[in-house]
Structure formats: structure tokens, C-alpha cells
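Report on the structure given below.
The values are calculated or read from the model by the stated rules, or taken from the named source; none is laboratory data. Only a predicted model underlies this, so the values are computations on that prediction, with no experimental measurement involved. Quick reminder, even Gly has a Cβ in these numbers, built from the backbone with ideal geometry, and neighbours come from all protein chains shown. What goes into the accessible areas is simple: the full protein's heavy atoms, side chains included, and nothing from ligands, DNA or RNA. Shrake-Rupley method; radii C 1.70, N 1.55, O 1.52, S 1.80 Å.
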Amino acid sequence: MKQSNKCSNNEAIDMLVNYGIKVYGENELKGLESLKDPVVKTEKLWNIINPNGETLIIKNNEDMSEAIEKIQDKLSDDAAKMYMKKIINEQILKKMEENEKEYMDQLKLQIINKYTDNESPTTLKKYAQIEKKKSISLSKQIGDTLRPHNSTEIVGQTDAVSMLVSKIASPYPQHVIIYGPPGVGKTSAARIALKEAKERGYSPFRKDAPFVEVNGATIRWDPRESVNPLLGSVHDPIYQGARKDLADTGIPEPKPGLVTEAHGGILFIDEIGELDLMLQNKLLKVLEDKKVYFESSYYDVNSKQIPRYIRALFEDGAPADFILIGATTRRPEEINPALRSRCAEIFFNSLSPTDIKSIVNLWSKKLSICVTEDAKDLISKHVYDGRKAVNVLLDCYSKCLYENYKKKIFVDYDRAYDVLRLPVKSTLQKREGYQVGRIYGAGIIGFIGNVIELEAVSFANHEGRGNIRFNETAGTMVRDSLFNALTVLKKNFEINTEMYDIHVNCIGGGNVDGPSAGAAITCLLYSSIKNMPFRKDCCITGEISISGNIKAVGGVREKAVAAIREGFSYMIIPKDNEKDVSDLEGIGIIPATNIFEIIGFLSKKTEGSRGVV
């Protein structure tokens with residue numbers, strides 16, 4: 001048995017040597033075949049195929065059998081690896097042959113891009129045309145010249161601007177919503193507030209704090225967040241605008257929005273009331289977190305190919321610590337309550353004729369224009385905002401320059417009338433004398449006041465079944481005010497309105513959406529039924545209670561400004577609204593607490609100049 005085992009081991013090692021030559025080649029196993037001693041042959045074969053492994057020590061047949069098994073396993077593993085490597089190499093060569101043309105084209109393109117310029121004569125010509133156009137300018141930026149640069153140049157808003165600056169230029173600045181009509185200086189006031197805040201040592205705003213301005217009515221965004229210029233969005237690899245190097249590797253790229261651009265400064269959103277409601281709520285979340293977070297199904301947190309800035313944006317968010325200043329021409333009740341609760345509210349006044357005249361004086365000096373007093377009066381009575389007043393001056397300036405550029409620019413009444421031709425009334429109504437059944441109320445649309453002309457005719461109805469008619473287009477509030485007025489006449493003046501057929505007309509059919517016409521309608525019915533003439537130079541606003549008291553209403557200042565423009569000498573307002581017009585000039589303010597005071601003033605003759613009576 002011992003001899004048989006010995007022969008089998010010898011044969012086995014010879015077979016392994018032959019197989020090793022096929023796997024590794026003759027050069028690797030050169031000389032092994034000539035060795036006679038099987039132990040030496042086995043040890044040398046092992047050292048060749050496993051040079052860094054353990055050393056074999058063969059002392060008996062058992063050690064020999066164990067060594068042969070190890071060599072057999074090693075040769076099998078190496079043969080399998082070499083076979084698979086051969087197959088893979090063959091497949092690679094086959095694939096390269098199939099795509100050889102494509103690889104060659106790419107290689108050529110890379111070499112061309114490396115050693116040639118990416119410009120052609122055609123592209124260089126187009127670039128030269130663009131640069132040439134940049135050097136051509138038809139006009140100076142007059143907007144920069146005429147924009148207010150300090151708080152004293154924002155006319156008619158002294159208190160509001162002071163309040164805005166105090167809220168921004170503070171160690172703890174507040175978010176703000178500015179309400180007011182267009183063209184009164186809201187945007188300029190926001191810029192000035194940041195400018196003054198930078199100059200104060202206790203302010204958190206740095207010298208390079210940005211002022212980012214956007215119009216809420218023009219922001220368009222995709223609810224899927226592929227496009228969001230305000231808050232930011234993510235360009236997934238399939239997105240059309242994704243960077244090619246990132247798209248090729250399947251990496252999404254966050255694009256920070258305006259809130260990140262405004263980090264450390266002011267984000268001014270004009271017409272914030274027009275901003276999409278869902279986007280407003282998303283903005284509120286950013287105001288709380290002071291960051292913007294991004295999400296994408298393509299983002300793999302474990303990927304090592306993602307650049308650090310992209311990983312930081314996804315995991316930590318984009319910084320968005322800013323102060324929001326929103327401006328709107330809407331009324332407060334029309335603004336998102338959640339947004340209002342996080343912001344201080346500041347109200348800019350409508351500009352009175354006196355304010356418009358001050359604006360004309362200020363900017364005519366900057367433009368070196370001489371404007372006559374009657375021209376100033378005409379402009380101030382027919383222009384409602386500062387921007388329009390400046391535009392009128394520019395129109396006059398351009399026309400004068402066109403007609404005779406050598407002379408000094410001179411704007412008189414006729415020149416101003418030519419520019420204002422469409423809005424100017426040919427003749428203002430004379431507000432003198434008395435009349436029966438005609439009263440002037442006041443309303444407001446947004447922040448613009450207007451005068452409402454009311455008329456009434458009464459006929460005796462001896463059957464005691466009188467009826468009331470009024471134009472339905474005036475709105476349901478007129479009907480409610482009318483019923484309140486009938487009750488007041490019955491209770492306070494003992495007038496049985498059922499003995500009269502009464503027709504009330506709101507001239508022009510204006511829609512009255514508030515109770516402020518109550519006092520005016522009561523006086524109208526009283527004048528019509530009693531055939532009592534009331535003065536024509538007085539305008540009325542105020543809610544009437546069924547007990548005859550005059551209640552406070554909104555928009556009194558805007559209504560008073562409209563009365564001034566319409567040439568009224570007096571305006572009756574609720575006593576509780578007296579503070580709203582305390583600084584208004586150009587009209588006599590009559591504060592009233594009940595209907596008796598109003599009728600007493602309308603029916604008596606009052607002499608004297610305009611002013612608070």
C-alpha cells in the first residue's frame with residue numbers, strides 16, 4: 001500500500017506540473033519536469049504558483065498528499081481567473097471594434113477642443129455686434145436722477161417713513177408690510193430705510209447688505225418645484241437646464257432663489273398682495289426657519305460623486321436670513337392674515353394737492369425747470385401720485401426742448417394743460433349756493449378717494465303706502481344705509497316716510513361697498529322730504545346708526561383729498577376720524593357726532609376761509 005500511494009503522489013505531481021505549464025507557460029515552470037525528487041518538485045511548484053504564501057515542509061506521505069491538494073486548489077483558482085479574464089478581454093475587444101468609429105469621433109473632438117479656439121468668425125462677429133450695442137445709449141437714466149435719495153425727498157409721508165426706518169434700523173429689525181396707493185414712495189422708502197440702517201452702529205446690517213427687489217405679480221413658479229425663482233428649485237438630471245457634467249452622472253443641483261440672494265439684507269416684494277397664496281405660505285416657512293431646504297428623488301446621500309456644495313445645500317439648506325418688506329395697494333383685510341401676523345404694518349397716505357405741489361417744486365429744481373404757480377395748481381389738482389407728477393414735468397420738459405432747445409425751459413398753465421389734456425375737466429363745477437335733494441358723499445377704491453353724487457325726489461302719497469326706489473347697481477350697502485336713514489327720520493325728526501314716494505339715485509351707478517354713505521343719504525332724504533336746500537360746497541362721509549349717531553369709517557383722508565380735488569370747501573366727517581386729517585390743508589373739516597349737527601351745518605350760511613371749523 002505504501003508503494004502504491006507513493007506512485008500515485010508522483011503521478012499526481014507530474015500531472016499538476018503539466019497543467020501548470022498550460023496555465024502559466026513553460027517559462028514560469030522551466031526545469032520542473034527534469035527534477036526526479038517528487039518532494040523537491042512539489043515544493044518548487046508551490047513556491048512558483050504561490051510566491052508570497054506559506055512555505056511547504058514535506059516530511060511524509062501525508063504532508064505530500066496535503067501539499068498536492070493545496071497546489072490543485074491554487075491551480076484551479078488561477079485557471080478560473082485567467083479564463084474569465086480572457087473572456088472579458090475578448091468581449092471588450094469586440095465592443096471596442098463595434099464602437100470604434102464613435103470612440104474615434106469623440107477622441108478627435110477632444111483633441112480639436114483642446115488645441116483650437118471655440119470661436120468662429122461668425123460667433124466673433126455676433127459678439128462684436130452685441131458689444132457695440134452696449135455702448136449706444138439714447139437717454140440718461142432719469143429714474144435714478146429723480147428717485148428720492150433721502151427721507152426728506154419723500155413728500156407727504158414723514159411719519160410713515162420715520163416709522164419704517166425705526167423698524168428696520170434697529171438691533172432687532174422687523175418684517176414690514178407697507179400699504180398705500182401707487183406712486184407715493186414705498187419702494188424708495190424701503191431703499192432709504194436700509195441705507196440709514198447700514199449707517200447705524202447698532203444695526204445688524206453690514207455695509208454690503210443686499211437690497212433685492214421683485215414684483216409679486218410677475219413671479220411664476222411650478223408647484224412641482226422645478227422652477228421657483230423666489231425660494232429656489234432643484235435641477236434634476238432630466239431637467240432641461242441641468243449642467244451636463246452633473247446630469248451625466250445623475251446628480252441633482254439645487255438652484256438658490258431670491259431669498260438666499262437677499263441673505264443678510266432686505267427682500268422687497270412689491271405688490272405682495274398679488275403673490276400666489278401657496279407661495280406666500282412657503283415664504284412664511286422660510287421666514288421662520290431662516291433657511292430653504294431642497295428635496296430630490298435623485299439625491300443619494302451615500303454617493304461619493306456629489307460635490308460638497310450640493311451636499312451642503314441638500315443636508316443643511318441654503319441660508320435665507322433676511323428682512324421682508326412687502327408693499328401693496330390692497331387694503332389690509334385683503335392680505336393673507338398669516339402674513340400680516342408676522343409683519344409690522346405701515347400706512348402711506350394718499351398725496352394731497354399740497355403734496356403734489358411740493359413734489360413739483362422739488363423736482364423742477366432738479367431739472368432746472370421754471371414752473372408758474374397756476375401750472376403748479378393745475379397739476380396738483382389733476383395728478384394723484386408723485387410718479388405721475390414727475391412724468392408730467394418730464395413731458396413738459398421734452399416738449400419745450402423740442403420747440404426751442406436754446407431757451408430756458410418754462411412751463412406755464414397752457415403747457416401743463418396740453419400735457420394733462422385728457423384728465424383735465426374743462427370747467428370745475430362751482431360749489432356755491434344751496435340746492436334741494438342733492439348731496440355729495442365720498443367713497444374709496446383701493447387707496448383712491450372719489451366723490452359720489454346722490455339725488456332724491458319725494459312725492460306725497462296720501463294713502464300712506466309710500467314706496468322707496470333706488471338703483472340696484474349702487475350695491476346692497478346703499479339699501480342698508482337707506483333703511484337706517486328712514487328709521488332715523490322717523491325716530492329723530494318724526495317724519496312719517498310712508499306718506500312719501502321716494503326715488504333715490506346714485507349718479508353714475510357707482511358701487512358703494514361700505515356704510516360710509518349713511519349720513520349723506522339721511523341728509524338727502526331730509527332735504528328732499530322737507531324741501532330744504534342744503535349747501536353745495538360740502539361733502540359728507542360717515543356711517544349713521546339708527547339712533548342718529550355718526551360712526552367712524554375708513555379711508556377718510558383719501559376721501560378728503562378727493563373732495564379737495566373736486567373743489568369742495570368743507571367736508572363733514574365723524575368726530576372719531578378727526579385725527580386722520582389733522583394735518584390736511586385745503587379744506588374745512590367739520591367733525592360731527594350726530595345727524596343734528598350735520599343738518600344744522602348744511603342748512604346755515606357759514607362765512608370764512610377754508611380750514612378746520
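State all residues of the stretch 457-481 that are crowded, with 16+ Cβ neighbours inside 10 Å, at pLDDT 85 or above and of a type outside the set (Gly, Ala, Ser); if no residue qualifies, say none. Selection gives 468 alone.
I'm checking my understanding of the structure. Among residues of the stretch 565-574 that are out of contact with any helix residue (DSSP H, G or I) (no Cβ under 6 Å at 6 or more places or on another chain) and at negative phi, which one is surrounded by the fewest Cβ atoms within 10 Å (Cβ to Cβ)?
Only one residue tops the list, namely 566.
Residue 186 fulfils the conditions (1) of a type in the set (Lys, Arg); (2) more than 25 Å from residue 556 (Cβ to Cβ); (3) surrounded by 16 or more Cβ atoms within 10 Å (Cβ to Cβ) except for a single criterion, (2).
Hey, any hits in the stretch 543-556 for a residue that's open to solvent by less than 50 Å² (accessible area, probe 1.4 Å), part of a helix (DSSP H, G or I) and among the aliphatic types (A, V, I, L, M)? Yes, the conditions are met somewhere in the stretch 543-556. For residue 295, the conditions (1) at pLDDT 90 or above; (2) of a type in the set (Asp, Glu); (3) outside any helix (DSSP H, G or I); (4) surrounded by fewer than 13 Cβ atoms within 10 Å (Cβ to Cβ) all hold with the exception of (1). Of all the listed residues (277, 284), the sole one being within 12 Å of the chain's Cα centre (by Cα), surrounded by fewer than 22 Cβ atoms within 10 Å (Cβ to Cβ) and at pLDDT below 95 is 277. Kindly indicate whether residue 365 is among the basic types (Lys, Arg) and open to solvent by less than 50 Å² (accessible area, probe 1.4 Å). In short, no. Residues that are of a type in the set (Phe, Trp, Tyr) and either assigned to a loop (DSSP other than H, G, I, E, B) or modelled with pLDDT under 90 (or both) do not occur anywhere in the stretch 211-218. Of note, residue 268 satisfies the criterion of being touching an Asp or Glu at 6+ places or on another chain (Cβ under 7 Å), under 29 Å from residue 182 (Cα atoms), at pLDDT 95 or above and open to solvent by less than 70 Å² (accessible area, probe 1.4 Å). Across the stretch 555-613, the qualifying residues are those that are of a type in the set (Gly, Ala, Ser) and touching a Pro at 6+ places or on another chain (Cβ under 9 Å), and the one among them that is modelled with the highest pLDDT is 592.
Checked against (1) closer than 20 Å to residue 147 by Cβ; (2) touching a residue at least 40 places away in the same chain (Cβ under 8 Å), residue 392 passes all but condition (2).
Rundown of residues vs (1) modelled with pLDDT of 90 or more; (2) on the phi < 0 side of the Ramachandran plot; (3) hydrophobic (A, V, I, L, M, F, W, C), yes/no style:
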position	(1), (2), (3)
145	no, yes, no
153	no, yes, no
156	no, no, no
163	yes, yes, yes
167	yes, yes, no
170	yes, yes, no
176	yes, yes, yes
183	no, no, no
186	yes, yes, no
